[in-house]
1. State whether the residues of region 444-456 include one that is of a type in the set (Ser, Thr, Tyr), under 30 Å from the mean Cα position of the chain (by Cα) and at pLDDT 90 or above.
2. Picking from Gly204, Gly217, Gly228, which residue would you name as being under 27 Å from Leu316 (Cβ atoms) and not hydrophobic (A, V, I, L, M, F, W, C)?
3. Do any residues in region 299-325 that are closer than 14 Å to Ala404 by Cα have Cβ atoms under 7 Å from those of residues that are in a helix (DSSP H, G or I) and aromatic (Phe, Trp, Tyr), where the two are at least six apart or on different chains, and which pairs are they?
4. Please specify each residue of region 378-410 satisfying the condition of being part of a helix (DSSP H, G or I), open to solvent by less than 40 Å² (accessible area, probe 1.4 Å) and closer than 29 Å to Ala558 by Cα.
5. Regarding region 264-271, can at least one residue be identified that is closer than 22 Å to Pro214 by Cα and of a type in the set (A, V, I, L, M)?
6. Output yes when any residue across region 148-159 is within 17 Å of Met609 (Cβ to Cβ) and in contact with a Gly (Cβ under 9 Å, 6 or more places away or on another chain), and no when none is.
7. Please specify each residue of region 634-661 satisfying the condition of being touching a Phe, Trp or Tyr at 6+ places or on another chain (Cβ under 9 Å), closer than 19 Å to Leu732 by Cα and open to solvent by 20 Å² or more (accessible area, probe 1.4 Å).
Amino acid sequence: MKAADRRVTGSSGAGQGGDAGLEGAPGRDRVAGAAGEGGPAAPGPAAPGPAASGPAAPLPAAPGPAAPVPAAPGPAAPVPAAPVPAAPGTPGSSPARALAGSRLRALAHSARVRALARSPRERAPAGSRSRALARHPVTVHLAVLAGFVSAGIAVTWPRATYLAGRLPAIRDAGSYVWGFWWMARQVEHFGNPWFTRSIAAPVGAQLGLHALMPLPGAAMMPVTLAFGPSASYNLLSVLMPGLMCYAMYRVGRLWLPSQAGAIAAGAFFGLSSMLTWRSWYHLNLAAGILFLPLALEAAVRLTRRPGWRRAVVLGLVVGAALLTDQEMSVLVVMLTAAAVAPWLLRSPAAARSPAAAHTPAAAGLPVAARTPAAAHTPAAAGLPVAARLRALAARARIAVLAAAVALLVASPQIIAVIQQSRSGGATSPPAQLAASYVGYAARFPGMFELSPRVQDFGLGSLGFVYNGRVTDGVPVFGLVLTVLAVLGLIAARRRRGAGLLALLWLGCAALALGPVLRIGTHVYIPDAETLDGVRVSGVMPYTWFVRIPGLSSFREPARILMLGMVPACLLAGAAVNWLRYHAAPVIIVVAALGILEAGWSGNPGIGSMPTALPAVDAPIAADHSGSLVVDVPFGIRGGIPTYGGKFDPEAQVLATADGHPRAVAFLSRVPAPTISGISRHAFYARLVAAQQGQRSTPAQLAAARLDARHLGIGWVLVWRWDGRHRRCVRFLENTGFRLDYIADDVQVFRPAGAVAGGR
């Protein structure tokens, strides 16, 4: 029974992911249709049988008129009546009845053939049609997607309630809202979205390395225009866990035999604390992570059945990843290379699958080498060098096509990055970069401990629970996922790809440790050396990773764990797949334990903020002069380097409502020219000095007053700020600004002339 169950499950499951399953589905429909007719049909008319009555008599060899009986010589004498066969067609004759029966059976058989020729919808009863619809691959995929989205909403609750008009009270959220607004505005007006003067005004900033999310911003444009940028940000954040689950589920269907294993792989991926935290606070990273399983699926399909169409699909996915998030696109390229390289570099005997015999790579091989069995024969090992080179060249052309499509799709983003780099906006202080390498590293064995999510269930005292900081994510796989991944590796050790998945998982874990080795609370630096003034280990892989050209800016090593989630979840799905056939009830226990570590409900220290402050912003929105708005505290924040103080997270949200350029800015990578240009303005420089408690001389105040008029500052918003705002208020009064009104604990200042004329 187990073997039969395995065959049925694998057959139906393959229809959800693999090409072979989709091709086999019509065959199953045909078998079901034949069985529904009540058994095998007669192949044709039956042979006539003996007469129903009378003595047995030989039948004529062929139908026709009855042969005459010769008369006996002499007078007629009574002869015993022998049965004379009647002519065919004569009513009541045996051959006539047999022939009539044959015709009836032929008609019945024709009726059955016509019934089978009808569509399944016409011949199947209503119950059968509904069951067939429920088993249809599209229905199954929609049901799985809906289930994942619902689960994602449940494990990230109360994030879905923010759709009513709230946002996480962090500058990242304000930056995302501004980004959705900016993208919609630029697309609508056919403008360049990779440069702006609407923030860090009037200097502006290049956005080639900023978390602008051009592709999601353009895709969500209808929602942004209809309901506002905050709705786009919240909706995408709420849906992202379910979308990540579904993307990983599709990959699982390509490698795992059972539906249960693929669903488990998707759930462990998208519902993990590590990735749901990103959905809460780092939407650009969560959207970029979505392309990890998407790219892996496209790469696997390409290697299984190479062709230009699948190369184009892979190129589109990789290019779209770069248009979503540049940092995660590095991980997408790494994963794609790991999936494609073995296929690209192996010998022409790679035609080991039936599908490979029909690929362009196999076109230049001898016929004997195109069969699966021939791939392992001595003849295959001795293929001509020319044939090997032709096969390698064919595969290389497919890979080059995929790369070309990716570059073409991502070319606007690549051009923006090049322009920012040429202007000096891509450089960062080396010492700060090196310090972040160490500060944002994961620790061992913390990455394999229980997720801190278990504390929400009162299980924080269990021990072996991650207790590190969660200000830049939850750098932990989780204990349940770790154990299942190890068991899955054991169960699937003989399957192709299992070893590569394990190697990728452990490699990502090693890179995430950063340039030093943290074990518990101890830091070890074997083979110590100095990197930009910071002591690092020469044997740690990350020390060499950041020395690869273009990767020095990957300054948070713990984020590489997100790439490690892909192989870990597939291996965990292999463990669930084994349980499906050997100990199915244990899956319930696994699901219960997995729920304890799933999801994220928000950091306790981060509250929420409204999506609008009409009492504060309505007068500014009514002013159509386009004057500049300055927020106090004032600063240019985000990635390194930074300038000024930490401004209120609501500042950039209000900018999307009133439409005025903002002096503050939150950028993933703060361009050095932006800081240089801002700091040259006397008003900004002395305002930052006032925030730091410094006094300005009369000459400095006069220069700041003159600069404020040249900048066209029409509004200054002093936000809630620990009492230190008094020195800033004094500076504003000395530079010609007066208090206009107070709303929602925000003091709004205007130039003295504007207040006097308007009141």
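1. yes
2. Checking each option against the conditions leaves just Gly217.
3. Val317/Phe291; Ala320/Phe291
4. Ala406
5. The answer is no, given that none of the residues of region 264-271 is closer than 22 Å to Pro214 by Cα and of a type in the set (A, V, I, L, M).
6. Yes, there is a match, as at least one residue in region 148-159 is within 17 Å of Met609 (Cβ to Cβ) and in contact with a Gly (Cβ under 9 Å, 6 or more places away or on another chain).
7. Hits for region 634-661 are Gly644, Asp648.
Residue-by-condition table, conditions (1) of a type in the set (A, V, I, L, M, F, W, C); (2) open to solvent by 20 Å² or more (accessible area, probe 1.4 Å):
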position	(1), (2)
Ala169	yes, yes
Val177	yes, no
Met213	yes, no
Phe227	yes, yes
Gly242	no, no
Ala247	yes, no
Ile263	yes, yes
Ala267	yes, yes
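The values are calculated or read from the model by the stated rules, or taken from the named source; none is laboratory data. In this text, all values refer to a predicted model and were calculated from it rather than measured experimentally. Please note: Cβ atoms are built from the backbone with ideal geometry, for glycine as well, and neighbour counts cover all protein chains shown. Note: accessible area is taken over every heavy atom of the protein model, side chains too, but ligands, DNA and RNA are not part of it. Shrake-Rupley method; radii C 1.70, N 1.55, O 1.52, S 1.80 Å.
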